[in-house]
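First the structure, in the form of structure tokens, and then the observations on it.
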Amino acid sequence: MSEQSIWRVLRDLVMPVYVPSVAGTLGLGMLLPVLPLYLRDIGLSFSAVAVVLGAAGVGAMIGGIPSGSAMAHYDERALMVVSLVVMAASTAVFGLTVAVAALVALRFAYGVGLIGLRLSRQTYVAARVSAGARGRALSLIGGSFRLSVFVGPVVGGLLVDTAGFTWTFLVCGAVTAAGLAGGMDRGHSNAAPESQSVERVPLFAALWRYRGVLLKAGIPSGLVIAVRQGRMLAVPLIALELGLSPTVVGGLLAIGTGADLLLFPLSGYLMDRFGRLYAIVPSFLLVSVGLVLLGYADTAAQIALAGMVMGVGNGIGAGTMLTLASDLAPADARGQVLSGLAVLQDTGTLLGPLIVGLVADAAGVSASAFALAAVMVLATAWLVVVVGETGRAQPAEV
């Protein structure tokens with residue numbers, strides 16, 4: 001496929017894919033500093049704050065199954081619209097209550113909506129974009145998340161300072177709802193859907209039929225997500241162990257995020273031009289090297305260096321897990337299998353912090369970085385040996 005054709009495909013995905021993705025992830029990014037501040041402001045304990053914030057992750061894990069079931073009966077557009085409405089509504093009303101049970105329910109609902117949005121856009125791209133452009137199409141979704149995490153917290157913090165919590169939650173909800181504009185686009189594009197005559201397989205029948213795919217790809221994907229989540233906890237814990245101030249810790253995290261954001265376009269190019277493993281292997285090995293450097297770090301400069309190495313590695317790997325799953329998902333049960341893979345991947349959101357916590361208690365916080373590096377090497381080896389190359393660029397048209 002020519003570069004001109006690829007750019008045409010990406011342009012045609014702007015409204016149906018990137019507008020909803022950016023709106024949803026920007027709302028999420030704005031909430032990152034706002035949620036813990038609000039929960040502490042209304043008097044919740046640290047443990048209660050953790051329960052409320054963790055409810056979104058639980059919702060995302062559990063929500064993958066009903067999302068897959070919905071796509072077995074309806075199209076991806078319907079799931080996207082419902083998901084954005086749930087995310088926007090649960091955010092807009094968050095500042096109107098102080099009841100812990102209600103806050104947990106709202107964040108759980110947000111997590112269900114978030115996984116529905118992700119799966120609907122991933123399935124849309126997987127069904128309409130050939131392997132020769134799929135890496136770039138999905139790496140842009142990963143890049144939108146990185147941009148939102150980089151910009152969103154600043155906007156959210158400024159809103160709290162100038163307008164207060166209630167208005168901030170309303171604005172975050174409105175930003176998320178703006179993604180519904182993408183649902184109005186019926187698609188007059190070169191990214192045409194697959195044949196509608198493909199039989200729709202019921203969710204659990206599809207998960208059983210393709211259980212081999214789920215295990216082969218889901219286990220290493222979950223390990224990768226665990227490392228990505230764990231490193232975001234290991235960096236501040238090691239920095240605090242060295243006596244660095246919260247301001248310095250925030251700056252160190254920003255360094256890694258900035259390096260990550262700058263390099264995500266390279267991921268899609270590598271995946272489409274050479275193959276998925278050409279992005280996966282250097283990405284994950286660089287993250288492993290960065291984690292080893294982090295484990296040995298005893299100054300702020302050394303932590304910054306480790307963060308940059310991990311950020312570069314993670315940037316090169318933007319969208320790799322989305323693309324890998326999309327390559328492996330069969331046409332007759334694409335949404336259902338992607339939902340099953342998403343559930344397995346999202347176990348990493350709980351596993352990563354657990355690895356860091358258990359290893360840190362047993363052997364020290366620096367050892368947790370080494371443990372994460374070992375997990376990433378294991379995941380990389382699994383992807384190379386067991387999964388293999390899933391989608392070299394092909395000459396077929398979209």
Residue match in region 39-56 (condition: crowded, with 16+ Cβ neighbours inside 10 Å, of a type in the set (Ser, Thr, Tyr) and assigned by TED's automatic domain parsing to the domain that holds Ser120): no
Selected residue [touching a residue at least 24 places away in the same chain (Cβ under 8 Å), in a helix (DSSP H, G or I) and either under 18 Å from the mean Cα position of the chain (by Cα) or more than 22 Å from Leu350 (Cβ to Cβ) (or both)] from Val235, Val287: Val287
Which numbered condition Asp346 fails, given (1) modelled with pLDDT of 85 or more; (2) closer than 30 Å to Ala205 by Cβ; (3) within 19 Å of the chain's Cα centre (by Cα): (1)
All helices (runs of 4 or more DSSP H) inside region 99-179 with 3 or more residues being within 26 Å of Leu262 (Cβ to Cβ) and either outside the structural domain of Pro33 (by TED's automatic domain parsing) or of a type in the set (A, V, I, L, M, F, W, C) (or both): 100-128, 131-163
Test: residue in region 23-45 that is touching an Asp or Glu at 6+ places or on another chain (Cβ under 6 Å) and within 19 Å of Leu119 (Cα to Cα): no
Residue within region 208-224 that is basic (Lys, Arg) and either within 17 Å of Leu291 (Cβ to Cβ) or touching a Ser or Thr at 6+ places or on another chain (Cβ under 7 Å) (or both) present: no
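The values are calculated or read from the model by the stated rules, or taken from the named source; none is laboratory data. It should be emphasised that the depicted structure is a prediction, and the values quoted were computed from it without experimental measurement. As a convention, Cβ positions derive from the backbone with ideal geometry for all residues, glycine included, and neighbour counts pool all protein chains shown.
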